[in-house]
Amino acid sequence: MDEATTKARETLLDLARRWAAGDNVVDDARIPRHALLLGNHRHYRANIAVYRELCDSLSVGDDVDLDTIVNELMFSDQLFKSYAPGLPERAEFGDLTHWLRSLYSGEIPSEVAAVGTLSAWRNTLARHGVRLSYSSGTSGQMSFVPRDAQSWAALTNNGQTYSDTSWFLDSDGRPRPFACLVAGPRGTGLGIQGAAAGLTRMAARSHYLFDTELDIDGVLGAGSPDAGPTIVNAAGGAAPFVQARDFLRSAAEDKLRVLVFGAPFYLRQLCQQLAALGGNIELPAGSMVSTGGGWKSFAREMIPRADLLAMIERTLGIGAAAFKDVYSTAEINCSLIGCAEGRYHIPPLLEVVVLDEAFLGEIGAPGTGLVGFLDPFATSYPGFIITGDVATLSEGHCACGLHGPFIDGEIQRATNREVKGCGGVLAAALS
């Protein structure tokens, strides 16, 4: 990484810290962010085969503007599952590795392919410095996102710059004790699982609602039905919820603040089952609920945000001010943070655009359409991604205290787009 790139990244990370504290850094952040994105274009063109082929097909050289990138050089998120169908199931890791090389900026040695399972493939890649994130969808075709050390560090560390750490740390930087209930299974490969693992490491005590390990082989081929499964029947009846109730009661008796974290459909199920098991639990003051992953294959069971918040407050005693929903995807190194105003705020580390039906858009323009991300910290794979999600992009000062661009209201899956992401995988794996 050259000196100018290093400086731009450091500047952007510092601005993210100021943004999280309530400063208006919109104009200041635009310059280093755009410089990094243009630098990524040149880096991708020089080092990533699939991106170079796209540029060559359009006669695009190193010198472009961001609108050219938005309108000509963005990939669908389907890029990360564009290998021939069935390769993982047939354990054809030679062909799968050959495909992965086409969208990775570094070297992947041939010995990576000499394995027999997806877990072994992922572990061998990691030993050679390639960290593989994954997700899935209704097609059953898994997405694989390869990260080098630099991109992996961005994925795991950048969130500290734009997140409110006051809940975890006091003003002197000392940890604040809390208990963490994860509404979901164990694991680290899915984004929501990685976040959960990080939270449990910080917690004074922790508990998983489903005490089972969901690894990459368990995700393989997990398609989500149109209407999600009954989680209680799929995951051992009422026993997990009895154990969760006892964990929460113990924390409440010890006056230990609790963070409940998981996909929203698990939170809804948790609240319903706790109520059925004998009433509500009044968690200690300062407790918090955080959701991520969306409703995905449980779309038919989706309830309005206000109804979910009312259920959480009634069951756990946690009001809307202590609720946060987080949106992200496997392909980006940043999360959009939900606030009490029903908006998802975009940290300065990410450029978000909305595209019309012709897949055209404009940097900085508000509107409703397909969501596109340009991630300056995605350096080992093409980070100019069109998702299958539809949302409304706006900008301004929010009553929650944050400035800048935000997604206004719910984020929906586009018509005829497969359900994908952490939520879809978790739903399917427990069906």
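Here, each number is a calculation from the coordinates, and none is a lab measurement. In this text the structure is predicted, and so the values were computed from the model without any measurement. Neighbour counts are summed over all protein chains in view; Cβ atoms, including those assigned to glycine, are modelled from backbone coordinates with ideal geometry.
For the stretch 372-389, just list the computed ³J(HN,Hα) in residue order, Karplus coefficients 6.51, -1.76 and 1.60, θ = phi - 60°, integers in Hz, with x standing in for Gly and Pro.
x, 10, 10, 9, x, 9, 8, 10, 9, 8, x, x, 10, 10, 9, 7, x, 9
Which FRET efficiency value, to the nearest 0.05, do you get for A204 and A320 by plugging their Cβ-Cβ distance into 1/(1 + (r/R0)^6) with R0 = 22 Å?
For R0 = 22 Å, the calculated efficiency reads 0.30.
Based on DSSP H runs of at least 4 residues, each adding -39500 (n - 2.57), what is the mean residue ellipticity at 222 nm of the chain after dividing by all its residues, to the nearest 500 deg cm²/dmol?
When only DSSP H runs of four or more count, the value is -11000 deg cm²/dmol.
With an 8 Å Cα cut-off and a minimum separation of 6 or more residues, compute the relative contact order for the stretch 34-119 in percent.
Relative contact order comes out at 31 percent.
List, in order, the whole-Hz ³J(HN,Hα) value for each residue of the stretch 164-171 obtained from phi through the Karplus relation with A = 6.51, B = -1.76, C = 1.60 and θ = phi - 60°; use x for Gly and Pro.
Ordered by residue, 3J(HN,Hα) equals 7, 8, 5, 6, 9, 10, 7, 5 Hz.
First select every other residue whose beta carbon is under 11 angstrom from the beta carbon of D23; then total the charges, Lys and Arg +1, Asp and Glu -1.
With Lys, Arg at +1 and Asp, Glu at -1, the net is 0.
To the nearest 20 debye, what charge dipole does the chain have about its Cα centre, counting +1 at the Cβ of each Lys and Arg and -1 at the Cβ of each Asp and Glu?
1320 debye
Just tell me which aspartates and glutamates come within less than 15 Å, Cα to Cα, of K255; anything on the same chain fewer than 8 places away is out.
Correct list for K255: D246, E282.
With a point put 7 Å past each Cα toward its Cβ, work out how far E107 is from E3 in nm, to one decimal.
Modelled inter-label distance: 2.9 nm.
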